[in-house]
């Protein structure tokens, strides 16, 4: 049968992949959101089964698309490629699906619901009712409201009454780890309490054995210890990916993302030059990285299922320690070791200065050591206080409405989210600016001091 | 013990807040004044004001941290 060359040029023959790519993205999004919602409302296995099978169904659709493209290709069929594609589809994909279905861990209804997700997405998209742009705002609002009902709660007696009132409506409450502070639910907490793939850390055994990682470390303990490291690494990963994307697609006339990066870089460089003079350009990357990284971590606490890892003291003291070591290294490198010690003694020039220099050395050493502590405490206090404020007001919004039998609470923490956005930006900027100021105080300057 | 702590801790935070409010008012007030005198240097003044405010605010945060640390004994 002769292939009609005009048919291959018409839009029906080779359907462009754009529609299907949007379908895959939307299906994955619905899989994640629906899985979390289901695991919070119904049960962990329902949510996990829904999520897994929705992903499997999307992968199935993708494999089918690849297979059909290979078969319908107008340039001629390649039997080897078709064989490989059908090998992927039939044994591997179907075997995986059968293994998930027959594992008897997930309720069948969840698997069926997950299976129908891409088909539902295709239908709705084709009808034109559902586009990502139209859905973005309602989805975001629904997701923010959805994170309200299940909050970590105190282990205290004082909250037992509130817990009972809230428990009736929201069977997914769980206890906070330390029992001292509550926070909005984040990803690790969701994986632990709602979906149940990570076990709980055991507090008594851990503290008896001398720490979370001593004795026999269980998965729950390890995950609990490295919780904040995970979130800070996620922030670093996000920043790296965005930067790589901006750098690869850079043009003379910048697009929006590149323009944003250029604004940030210009502002940081201007500020560093103002503070440090001629050395500003050399130290601007360090200061700018601190600013952007801290900003990203602070804002992670405002996203649903995210946590600001700057709300723990150890995370901040590690960054402040980097700044401290870099400042001392700068002093040694720019002034020499003797010059650095001379600077630490208060730069004595006359007899009085030299006589007082041991005292000045002691004072200046103490001042240098207190600088990273104050940097980290300032950031920790602000971000931790904001987190606790958000969690307490969200819990209040839930408790107020719970006796009325409402499934979601009032988002009372909304104004504090805006305040937290402002404060997170200011604190990141202050940390970076103070680092620049400390570096500039170590650099050789002829005018003052 | 809880009674004394319950009296002392909020009082301490209140005093720290009072002190920092006075200090911040003075700092921001003089910043506003100098911004009015020389509007073209507003950018630099804003930067310096933010740094100064962060220093002053930090002391209140230290007081709040004491409350958070001792909260278990309350």
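None of the figures in this text is laboratory data; all of them are computed from the coordinates on show. Treat the numbers as computed from the prediction; the structure is a model and nothing was measured. Note that we place each Cβ from the backbone using ideal geometry, even for glycine, and neighbour counts take in every protein chain shown.
Structural remarks
- Computed over segment A:229-442, the convex hull of the alpha-carbon atoms projects to a mean area of 15.8 nm².
- Contour minus Cα-Cα distance for residue A:362 and residue A:422 (0.36 nm per residue): 17.8 nm
- Highest average packing first - B:58-65, A:372-379, Cβ atoms within 10 Å: A:372-379, B:58-65
- Take every Cα pair under 8 Å whose residues are at least 6 apart in sequence, average their separation, divide by the length of segment A:229-442, and the relative contact order is 26 percent.
- Full extension of the segment from residue A:37 to residue A:314, taken as 0.36 nm per residue of separation minus the current Cα-Cα distance, would add 96.5 nm.
- Subtracting the Cα-Cα distance of residue A:102 and residue A:341 from 0.36 nm times their residue separation leaves 78.9 nm of extension gain.
- Each of residue A:273 and residue A:325 was given a label point 7 Å from its Cα along the Cα-to-Cβ line. The distance between the two points is 3.2 nm.
- The alpha carbon centroids of segment A:39-116 and segment B:16-39 are separated by 63 Å.
- Peptides A:380-393, A:54-67, A:98-111 ordered by average Cβ neighbours within 10 Å, highest first: A:380-393, A:54-67, A:98-111
- Here r is the Cβ-Cβ distance between residue A:66 and residue B:8 and R0 is 51 Å; the resulting FRET efficiency, rounded to 0.05, is 0.15.
- Spatially, segment A:246-303 and segment A:326-362 are offset by 33 Å when compared through their Cα centroids.
- In chain B, inverting the average of 1/r over every pair of distinct C-alpha atoms gives 14.0 Å as the Kirkwood radius.
- Long-range Cα-Cα pairs in segment A:356-423 (distance over 15 Å), rounded percent: 67 percent
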